[in-house]
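Only one structure is covered here, and it is reproduced in the block below.
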Amino acid sequence: MADEDERETLILFPLPFQGHMSPMIQLARILHSRGFAISIFHATLNSPRHSNYPQFTFRPLSDGLSPEESAAADPAQIIRLVNASCAEPFRRGLAAEMARKRVKCIITDANWYFTQAVAEAAEVRRVVMRTSSVCSFLAFAALSDLAAKGYLTHTNSNSNSRRMRDDPVEELPPLKVKDIPFMDQLCNNPQDAYQNIAKMMAATKKASAIIFNTSGDLEDPDLAKLRRLYFPVPTFVIGPFHKCFSAASTSFHAHDEASVPWLDGQAPESVLYVSFGSVVEMDVRELEEVARGLACSGQPFLWAIRPGLVRGCDWVEMLPEGFLEETSDRGRIIEWAPQQEVLRHPSIGGFWTHCGWNSTLESICEGVPMICSPFFGDQLVNSRYVSHVWRVGIRLETGFERGEITTEIRRLMVEEEGKEMRQRSSCLKKKIESSLSDGGSSYKGLNSLVDFISPMLDT
Ligand code: UDP
């Protein structure tokens, strides 16, 4: 017979992408530390390494994707495919787990929209875990209204109602039209992405609660708006998770261990760390502009170029001729950084990021100001909040253009304005730290979440 610990179990179900897997594993560690037994259901794609987390029970679900299919498909297509292919394995896995253990609640990534119907049929509660910001979720929730009002037609050059990219979105200040979380750059068929979003929103509306990996110090006003306009269910703001528990061992790539020793040899706050995360792709022209901007800025830099970042390239073979020689005394290129350690390093003065939510939070939590180059989706919203709400960074407004890049790197790293952004970021860092300690808002949020979940397990 199963022991007590085995019978009261929370099932967590992460989406198989880096920026979703890490926070879900962090959440699992947080909830485990509060006494819950944890089973992690996961797709075969990007499986977490079970041996790193002996405290959890892992239940792999066959997602039906071959390695070739996973490599060829874009993220939106993968989300659509796995929501279909994992439905039956998940339903069977849940039934089996319920026969073995006491399961009353599942916590699944918001993008696993099929799980709402499965949870209802099995009479368990589903709590949604949203791995990105509240502000971007608000923008996603508004997307269909914005489309109906014609905002999305700016991508269609023949449209008479075309809005200018720099016009304000009155419904979502301070967003501009170009900050609406368009998905067109993410996928071959944008309809995949927009349908996924619509299904995610519909399923989240029926969920028992939503957990956000954010801080009230950053997002309380937007949370109030989100609840008032779209999701009147309980919401729990309990982040940033990575400040409670690391998930470094969920990294899909090997960290470059020589980065930190290299940073040790650089002057305080002199290095610009450059990384665009685990998913986005850029073209060779954009790579060249980044390189030229870095070279012209004269600043030291640590640049993580993930294999696969540049379309059609293996790695750095398309960097402009002479770039490596020209910058060898002050620049270092790596494949994948130990990012949290890098951001904590005293030599880091700025972070040029795509503004994925994990990167944005990790930067704010170390008091590092940002240069923002969003590509699609939530990154567009996060960037505008970094530059115009929290005022801890600069958004590159014209995309990748070497002149603007050079100017903005110097503005952030050398000029007075950059120092002010660093001060504001340090201030936020301190507030966030205190929100996680005894009596702070995230600390209380976690207690409320535990109180919310516990009675479900007792009934
Ligand atoms: N990351 C890392 N090394 C790198 C680049 C990224 O460890 O060289 C980690 C980073 O710390 C973050 C995650 O990968 O936790 C990226 O998540 P994010 O939400 O920022 O962006 P995504 O990859 O989902 O676009």
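Here are some notes:
- Qualifying GluC sites (Glu not before Pro) for the range 331-413 [loop in DSSP, other Cβ within 10 Å: at most 16]: E335, E397, E401
- With all protein chains modelled, accessible area of W262 [1.4 Å, Å²]: 50 Å²
- Placing +1 on each Lys and Arg Cβ and -1 on each Asp and Glu Cβ, with no other charges, gives the range 300-373 a dipole about its Cα centre of roughly 260 debye.
- For the range 310-351 and the range 229-277, distance of Cα centres in Å: 17 Å
- Mean sequence separation of contacting Cα pairs (under 8 Å, at least six apart), scaled by the length of the chain, corresponds to a relative contact order of 16 percent.
- The trypsin sites (Lys or Arg not before Pro) of the range 286-368 meeting both criteria, a DSSP state outside H, G, I, E and B (loop) and at most 12 other C-beta atoms within 10 angstrom of the site's C-beta, are R311.
- Out-of-range pairs (alpha-carbon distance over 18 Å; input K243/K429; K176/K199; K243/K431): K176/K199
- Neighbourhood charge, 10 Å Cβ-Cβ cut-off, centred on A73 and excluding it, Lys, Arg +1 and Asp, Glu -1: -3
- A simple rule links phi to the HN-Hα coupling: the Karplus curve 6.51 cos²θ - 1.76 cosθ + 1.60 with θ = phi - 60°, which for the range 237-248 gives 9, 10, x, x, 4, 5, 7, 8, 9, 7, 10, 3 Hz, with x for Gly and Pro.
- Test item: Cα-centred dipole of the range 312-440, Lys/Arg +1 and Asp/Glu -1 on Cβ, debye: 720 debye
- Rounded Å value of the spacing that divides the Cα centres of the range 420-452 and the range 362-382: 19 Å
- As a calculated quantity, the FRET efficiency between S47 and D166 at R0 = 41 Å, using C-beta atoms, amounts to about 0.40.
- Computed accessible area, S62, all protein chains, 1.4 angstrom probe, square angstrom: 80 Å²
- Unit charges at the beta carbon, dipole of the chain: most positive-side option, A304, V274, S66: S66
- Angle in degrees between helix 416-436 and the longest Cα principal axis of the chain, rounded to the nearest 10: 20 degrees
- ³J(HN,Hα) computed for each position of the range 189-201 - Karplus, 6.51 cos²θ - 1.76 cosθ + 1.60, integer Hz, glycine/proline x: 10, x, 4, 3, 5, 5, 5, 4, 4, 4, 5, 4, 5
- Radius 13 Å from Cβ of S442, net charge of other residues (Lys, Arg +1; Asp, Glu -1): -2
- If only the Cβ of Lys and Arg carry +1 and only the Cβ of Asp and Glu carry -1, the dipole of the range 75-180 around its Cα centre is close to 420 debye.
- The range 192-258: C-alpha gyration tensor shape, a/c 1.5 cut-off, then a/b vs b/c: oblate
- Accessible solvent surface per residue of the range 26-154, calculated while the other protein chains remain in place, 1.4 angstrom probe, Å²: 38 Å²
- Degrees between helix 402-413 axis and first principal axis of the chain (Cα, 0 to 90, nearest 10): 80 degrees
- Here the label points at R311 and E123, each 7 Å from Cα along the C-beta direction, are separated by 5.2 nm in the simple model.
- E401-S246 pseudo-label distance in nm [points 7 Å out on the Cα-to-Cβ vector]: 4.1 nm
- Taking the longest Cα principal axis of the chain as reference, the axis of helix 441-458 is set at about 30 degrees.
- Near the amide H of K176, within less than 5 Å, lie the amide hydrogens of V169, all on another chain or at least 5 residues away, with H placed in the peptide plane.
- Extreme residue, positive dipole direction of the chain, given options G35, I25, A76 (C-beta unit charges): G35
- In units of the rule-of-thumb radius 2.2 N^0.38 Å, the chain shows an alpha carbon radius of gyration of 0.97.
- Dipole of the chain, positive end: most advanced residue of V414, L12, F375 [Cβ charges, Cα centre]: L12
- Summed side-chain charge close to A258 - residues other than A258 whose Cβ falls under 15 Å, Lys, Arg +1, Asp, Glu -1: -4
The values are calculated or read from the model by the stated rules, or taken from the named source; none is laboratory data. Bear in mind that the values here come from a model prediction, so they are computed numbers and not experimental data. Cβ coordinates were reconstructed from backbone atoms using ideal geometry, including for glycine residues, and neighbour counts include every protein chain displayed. Just so you know, the surface numbers come from the protein's heavy atoms only, side chains and all, with ligands and any DNA or RNA stripped out. Shrake-Rupley method; radii C 1.70, N 1.55, O 1.52, S 1.80 Å.
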